[in-house]
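One structure below.
The values are calculated or read from the model by the stated rules, or taken from the named source; none is laboratory data. The structure displayed is predicted, hence computed values, not measured ones. Please note: Cβ atoms are built from the backbone with ideal geometry, for glycine as well, and neighbour counts cover all protein chains shown. For the accessible areas, the whole protein counts, side chains as well, though only heavy atoms, and no ligand, DNA or RNA atoms are used. Shrake-Rupley method; radii C 1.70, N 1.55, O 1.52, S 1.80 Å.
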Amino acid sequence: MLKLLIVLFVCGLPSLIMASQDASPLVLNANSSGGAINGQLEYFIDPSEKMSFDEVRSKADFTACQGRTVLAQIHHPVWFRLKLERTPNTPKRWWIDYSLFTPPELWFYAPDEKGNYTVKKSTKLSLLTTRSETNPQYLLPFDFNHELSTTLYWRATSYSAYIFPLKVWQLEDWTDKALKKYLFYGALMGVMLGLAIYNLLIYFRLKDRIFLIYFFTIISYMFFTLNVSSLGWRTIGLAELHQYFGITSIVVAITGMFSILFAISLLGDYKQKKWFDFIMYAAVLVYLFALGLVALGRFTEAEKFTQWAGALWLPPVLLMSIYLSFKGSLWARYYLLGEGPTVVGNGLLVMVTQGVIEANSFNTKFYFIAGAWSAILFSQALAEKVNSLKREKAAALRVAVAEKTARLLEAEEYKNSLEEKVSLRTKELSVEVLMHKITSQQLRVSQTKLEEMAYSDALTGLPNRRMFQDRLVQAFTWAQRQQCEFALALVDLDHFKRINDSMGHGAGDQLLHLVAQRLNYALRHCDTVARLGGDEFALIFTAPISREGAITICQRILASFDELVVIDGQLVQVGMSIGLAWYPADGDDMDALIGSADVALYQAKAAGRHTLRYAGYLTDEPKLNS
């Protein structure tokens, strides 16, 4: 701090002493091309921000710059005046080089051939403006008229500091000088761009994001150096960017954020990561806040935040890289060597904007050299970190292989002991498995028998009442889904009790078995015949089936019992009554349909037995009179 006060005192004392003195005119001769003009420059601060050019010429009290190139912490427009004279043999046309630090707004007043002043305005645009404007002027031409003297004025506007290291040129000399300078800058930019692309290709191969962050860090630094240098955005075909307000704050913020992310990624292997990350991401938030200020048009505040944000994250980064360097981290040493020049460059820039030191071309050259140097050292740091990680991985792999080999030997011994135990146990289990198989087979047989008993009639082998109900539910479900008809028939043997009582239960069982066979034979494969109990049977004619088809099958069943049948060696006359009903005409649920079939069966018995009746209709005649 003491050194800073001394510099301020030394730099400010001459201007305080000479503030009231007017600057002498700048005399141009054949050797004046390329000379600095700040020694003869005068300035005037317009606190009202409304003075016209004529008012400034007549009323303004200009102060000599005395060679100063920076006016810091001034938030009002500043008018500059330059008095010029030329020798008789000096060319009439000259150019003022204002390209090192161009202000956001510049109005240049120069006299024409008649001595009348004309103005050339160069004004930057808001980020939300779509109207096109002329790009900022980097070379300001002016002409001497018939007189050997002239006076130039220009009005500049800035947000934090006025930086104006000016030179006067002949165009041919400026072109030669600029060509050499651009070649020098181009070589340094080529180094940065080449290393950025090289690490980008490594990212595509390794998919490690640190190489991608390196790429954006170097590219953003290139944009930053272009923005503060005389090259400008026009060098890469983006001259339009220079005409927008806040572009410097945007570039500084983006460069700072990528630099922080690169530092976090590179210096991330340490125990104190939490506090370091907290500081780093806090600095990122500061830069994001500055971008928000730019979007709101608060350009002065945005420049202040971007200028001083580095003071938040650069000291921790340097301390961490020094700490890791002492711990033996080679990549941290490369990073420290690479970051050092950029820290110095940032310090120089802050001191320039604060008016501590004067602006000159050295600052710009230093930024380009520091950028190329950082690109080389950062790339080397990345390579060293990758190699270090590979060595650590190889060492860990060797340890893992040794441990695995020891475990394999251990496992081999354990395996041999287990094999003996397994062999004995296998023999025991084989016996148990065989017994289990026998038991399982017996259980399956028993389960099958139980299922048959649960769903089948023991005498006839037909589905019993329980299975009949399941089949009827299925028939209902299918018919409802397909929206079609199906039929249900109830069959009852005529005078079965008489046969059972006169011939015995054995003859009755034979008769029931015979009836079951003939009913099963008469139906289709998809239909169901079930014994409901005693001499009662049920027939389910599954959809699709026509009414004529169901009636035909029932009549065929009746016809099969027209003749006498042999039961227990005796001829017996067997008759049956059939009641037929259809879904959904005769019932749209199970109870209703069974009830309709039962009513039809009752009608068949009432009609004389051994006949067919169905709901809503009467058969032609019974098949058998009994």
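Quick grid of which residues meet (1) more than 47 Å from the chain's Cα centre (by Cα); (2) over 20 Å from A375 (Cα atoms); (3) without any contact (Cβ under 8 Å) to a residue 12 or more places away in the chain; (4) part of a helix (DSSP H, G or I):
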| residue | (1), (2), (3), (4) |
| --- | --- |
| T151 | yes, yes, no, no |
| P165 | yes, yes, no, no |
| L179 | no, yes, yes, yes |
| G194 | no, no, yes, yes |
| S220 | no, no, no, yes |
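Each residue in segment 524-538 was checked for being charged (D, E, K, R) and more than 16 Å from L601 (Cα to Cα), and 2 pass.
Residue check, Q243 against (1) within 30 Å of H76 (Cα to Cα); (2) at pLDDT 85 or above, all met but one. Which one? Q243 satisfies all of (1) within 30 Å of H76 (Cα to Cα); (2) at pLDDT 85 or above except (2). Scanning segment 272-286 for residues that are more than 11 Å from W313 (Cα to Cα) and in a helix (DSSP H, G or I) yields a total of 4.
No other residue among L71, L100, L106 is more than 13 Å from L152 (Cβ to Cβ), aliphatic (A, V, I, L, M), part of a strand (DSSP E or B) and modelled with pLDDT under 90 apart from L71. The listed residues are A309, A295, and the only one of them that is of a type in the set (A, V, I, L, M, F, W, C) and open to solvent by less than 20 Å² (accessible area, probe 1.4 Å) turns out to be A309. The residue of segment 270-292 that is farthest from A253 (Cα to Cα), among those that are of a type in the set (S, T, Y) and either open to solvent by 40 Å² or more (accessible area, probe 1.4 Å) or modelled with pLDDT under 85 (or both), is Y270. Residue count for segment 388-414 satisfying the condition of being open to solvent by less than 100 Å² (accessible area, probe 1.4 Å) and over 31 Å from the mean Cα position of the chain (by Cα): 13.
A count restricted to segment 552-578 and to residues that are open to solvent by 30 Å² or more (accessible area, probe 1.4 Å) and of a type outside the set (G, A, S) stands at 11.
In segment 419-460, of all residues being of a type outside the set (A, V, I, L, M) and touching a helix residue (DSSP H, G or I) at 6+ places or on another chain (Cβ under 9 Å), the one that is modelled with the lowest pLDDT corresponds to Y455.
Scan segment 245-262 for residues that are outside any helix (DSSP H, G or I) and open to solvent by 30 Å² or more (accessible area, probe 1.4 Å) and the total you get is 1.
Taking segment 30-88 as the range and being of a type in the set (A, V, I, L, M) and over 59 Å from the mean Cα position of the chain (by Cα) as the test, the residues that pass are A30, A60, L84. For segment 532-562, the candidate set comprises residues that are over 15 Å from A487 (Cα atoms) and among the acidic types (D, E); within that set, the residue that is modelled with the highest pLDDT is E536. Has segment 434-448 got at least one residue that is of a type outside the set (G, A, S) and either closer than 23 Å to R547 by Cα or surrounded by 12 or more Cβ atoms within 10 Å (Cβ to Cβ) (or both)? No, every residue in segment 434-448 fails to be of a type outside the set (G, A, S) and either closer than 23 Å to R547 by Cα or surrounded by 12 or more Cβ atoms within 10 Å (Cβ to Cβ) (or both).
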